[in-house]
1. Can you pull out the residues in segment A:76-120 that are small (Gly, Ala, Ser) and either more than 7 Å from chain C (Cβ to nearest Cβ) or surrounded by fewer than 20 Cβ atoms within 10 Å (Cβ to Cβ) (or both)?
2. Taking the residues in segment A:257-286 that are part of a helix (DSSP H, G or I) and aromatic (Phe, Trp, Tyr) as candidates, determine which candidate is farthest from the other protein chains (Cβ to nearest Cβ).
3. So which pairs qualify, if the first residue must be in segment B:156-182 and among the basic types (Lys, Arg), the second must be buried (at least 18 other Cβ atoms within 10 Å of the Cβ) and part of a loop (DSSP other than H, G, I, E, B), the Cβ gap must be under 7 Å, and the two must be at least 6 apart or on different chains?
4. Could you list all residues from segment B:147-170 that are among the hydroxyl-bearing types (Ser, Thr, Tyr) and touching a Pro at 6+ places or on another chain (Cβ under 9 Å)?
5. Residues in segment C:219-250 that are assigned to a helix (DSSP H, G or I) and small (Gly, Ala, Ser): how many?
6. Which one is farthest from the other protein chains (Cβ to nearest Cβ), of the residues in segment C:64-110 that are closer than 30 Å to A:Leu98 by Cα and touching a Ser or Thr at 6+ places or on another chain (Cβ under 6 Å)?
7. Can you say whether A:Ile251 is modelled with pLDDT of 90 or more and either in contact with a strand residue (DSSP E or B) (Cβ under 9 Å, 6 or more places away or on another chain) or over 30 Å from A:Val112 (Cα atoms) (or both), as far as the supplied structure shows?
8. Report whether or not A:Phe31 is under 21 Å from A:Leu214 (Cα atoms) and not hydroxyl-bearing (Ser, Thr, Tyr).
Amino acid sequence: MTLQGWVVNLLNGFSFAMVLFLLAAGLTLIFGLLQVINLAHGSFYLLGGYVGLAIIQWIGNFPLALVVAFLAMAALGAALQQFCLARLYKQDLPQALLTLGILFVAADVAFVWWGGNPQLLPQPELLQGGTRLFGIGYPIYRLFLIVMGIVFAALMWLFIERTRLGAVVRAGMDDEEMLRGIGISAPLVFTGILALGAGLAGAAGVLGGPLLGLHPGADFEVLLLAFVVVTVGGLGSIKGAFLASILIGLIDNFGNIWFPQFSLFTIIVPMVIVLALRPTGLMGRA
Amino acid sequence: MTPLAVESLSVNFGGVQAVDDVTLRVEVGERRAIIGTNGAGKTTLFNLINGQIAATAGRILLFGEDITRLPPHRRAALGLARTFQITNLFPALTVLDNMLIAVQALDPCHFVFFRRLASYTNVQHRAQQILERWDLWPLKDEPVRTLSYGMQRKLEIVLALAGKPRVLLLDEPMAGLSAQETDLAGAIIRNLDRAITVLLIEHDLTAAFAIADRITAMDQGRIVAEGTPDEIRKESRLAEIYMRGAAQAPGS
Amino acid sequence: MRRALIAAAAVAALVVIGRYLPSYYTGLLTLALIYGIFAMSLDLLLGYTGLPSLGHAAYFGSAAYVAALIVNKLGAPFAVAIPAGLLAAVTIAALFNLLALRTVQGYYLMITLALSQVLWSLAVSWRSLTGGDDGMAIPRRPDFGSWLGVRLDTDYGYFIVVLAVFLACLAAMRILVASPFGYALLGIRENESRMRALGYNAWAYKYVVSLIAGLFAGIAGELYAFLHSFISPATLSIDLSAQVLLMVLVGAAGTLWGPIFGAFVLVILQNIVSTYTDRWLFVVGAIYMLIAMFAPKGLFLRWRDRAVRALRQTA
């Protein structure tokens, strides 16, 4: 591979990683911290993407599509927690069955409503086209993703490290007294984190849409990817999710180039290694 | 050979020394009571001896053998048995099934998957024998979760005896029992075979003093006093510790 | 004794009825028996040991694929292909569970799902080997010759073969769950930490039962492949893993008979639903949601008890 090829592919891996990070951040909080099993995470991605697509086709405004997708999915996530998951507190198998059911139902609804053909979300006009970076041509949209991803990571870091609520989240929801101390009820935190996670997944659907397209089965693929990232990064760790997203994003990208028939296999390798050597993940709490 | 020796045993949980440099030796047939307020580290000490949690420092010796790094099931095979403060049985299974599982644990047949357990008459007989000895046979077909609390506590102890242990750890065996049941339990423990070495954690000081040959008192993870019941009775620091413990208790 | 007589009568009835059923229904019966074996194998894990696997299709499909590939690509006889497929299933079980059993509570579900998804995607993307989504035809069926005047390569003949294998598997599993090993599994399901304190190496039991379950699932998988003379990635899909889970839950986990019943119910249900609608995925998803939300407490009581127990032990 030429130097140009390396740079392009590295950037491709990074931009993909940022989409992964949106998904993994939500999942690591939901699964890692709240210990809620949410297989419907992939559905939020898919539905968010389709909703965004509908907004773009209807109104033509990309930022609006992003916001609507985020809010719509956040609302669904909150509803899921409030009406369904809250009743299944600490019951793994029922949670898995419920969210699996939602995954299937949502997949079928999406299939009926939007059809089985892969759809590509159009890029916003402002970010279309390419630019030259040190003499190498590269799509602006992907660069935007990288920048946005880093900004988002910084915001998440600030939230976790610098706010009181973040401190609670960091403490791993173990301390009910601490929660009462800052005047927030545990159920509210659960709903809030589910909403945030779902919203982020929906945003990932819109932002990743121009890159990855939307198609039946994307929900399952995305769920698996997010899960691998969360496992490698460590349950409950945003930092870990960020690092692991980059690792997996790069591996996936180069894996697709070098071993196209083994697509998912290549990203399983880091997961296997992590599970074998350090089951709590790169930055997980031991 | 000392049945149980613990040397400078410590465990650290996120900065808190739950058990701090604990050393003790228990002699053959001894009844040793461990007393102390809540959070003194008594159950944690049992968890360390039993292998449920790993020590951060120190050694545990069972009949001279270093078991510090062994997993719980290997320690059980060496003759260590333990009961739990919160009843820890097999709730959906019958009393008989609970006992069969306990009896077959250290029997060579325990991994056989091609022959019915019913054909192993040695296991069946021993289970029946133990249940009859402890007046639990009439309840043999009852699911454990339907038993009264007192019966469950009794089964809790009896299960631990199934493997013919040489060292028995009883974690608050009288917890939640009525006065009458406590006396009965005390009698059971006192009448245990003197070949078995017994450590028990007990909150009820009267019961502890009645059963024990020697008493070890713990506070905040450390041993603060050790001796015969008479010596401990005279130990003034203990009254202070218990008072402090009572003052800090919620609702006091 | 009476139960044995009833069972024998049921078997005899099946043998006779099967002779005169239209071959479509014979096929359904055969499928139900195959799924019965599959569901019982999951029951060993879920009902008896308390391991909620969401990736059980991995063993079903890998045995089927390996056996089919050996017949198609290597032209080897079935006497080689069939054991090879089973070996593959057990090997997959051995590898997967080295990882899946390492993890904390709640993780096992996700790991088994993830690992089987990887296998599935391998089958889909390696088109040159497996034909990808289009699947693979298996031109021959194992030729067991004929027996008591019945030609075994007919639909009815295959039904008899499957019935025989089903009965053998059922007998084997019944002995297993009544064996010392089986009792230990129950103990692990009910209270793993107490089992360890009693002297059991809980991990070893969980690992071995996973291998055994993988073996039986593999048997079911191969029977399935030769039933339709066709195999596709659906045999490795989460769809199938979830369906077999449903069979076990609907039929009452931890009983062996329950999952058999569940298998029959599901085959019938699937048949009825697909005559009315294409939206089988939706229906199945809705069923999962309903069961999760409204199933009788008893269905999930064990897992809740286990989770609570695990929590208390670490306090």
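The values are calculated or read from the model by the stated rules, or taken from the named source; none is laboratory data. Quick caveat, the model's predicted, so the values are computed rather than measured. Using ideal geometry, Cβ is built from the backbone for each residue, glycine included, and neighbour counts are taken over all protein chains shown.
1. Of segment A:76-120, the ones small (Gly, Ala, Ser) are A:77-79, A:86, A:96, A:101, A:106-107, A:110, A:115-116.
A:Gly77, A:Ala78, A:Ala79, A:Ala86, A:Ala106, A:Ala110, A:Gly115, A:Gly116, listed by residue number.
2. The extreme case among them is A:Trp258.
3. Taking only residues 6 or more apart or on different chains, the pairs are B:Arg166/B:Pro3; B:Arg166/B:Gly79; B:Arg166/B:Ile196.
4. Looking only at segment B:147-170, we keep the residues that are among the hydroxyl-bearing types (Ser, Thr, Tyr), and these are B:148-149.
None; the set is empty.
5. Going residue by residue through segment C:219-250, those that are assigned to a helix (DSSP H, G or I) are C:219-228, C:233-236, C:238-250.
Next cut, small (Gly, Ala, Ser) only: C:220-221, C:225, C:234, C:241-242.
The number of residues fulfilling the criteria is 6.
6. C:Ala64
7. On the way: modelled with pLDDT of 90 or more: yes; either in contact with a strand residue (DSSP E or B) (Cβ under 9 Å, 6 or more places away or on another chain) or over 30 Å from A:Val112 (Cα atoms) (or both): yes.
Against the criterion (modelled with pLDDT of 90 or more and either in contact with a strand residue (DSSP E or B) (Cβ under 9 Å, 6 or more places away or on another chain) or over 30 Å from A:Val112 (Cα atoms) (or both)), A:Ile251 qualifies.
8. Values: under 21 Å from A:Leu214 (Cα atoms): no; not hydroxyl-bearing (Ser, Thr, Tyr): yes.
So A:Phe31 does not fit the description; no.
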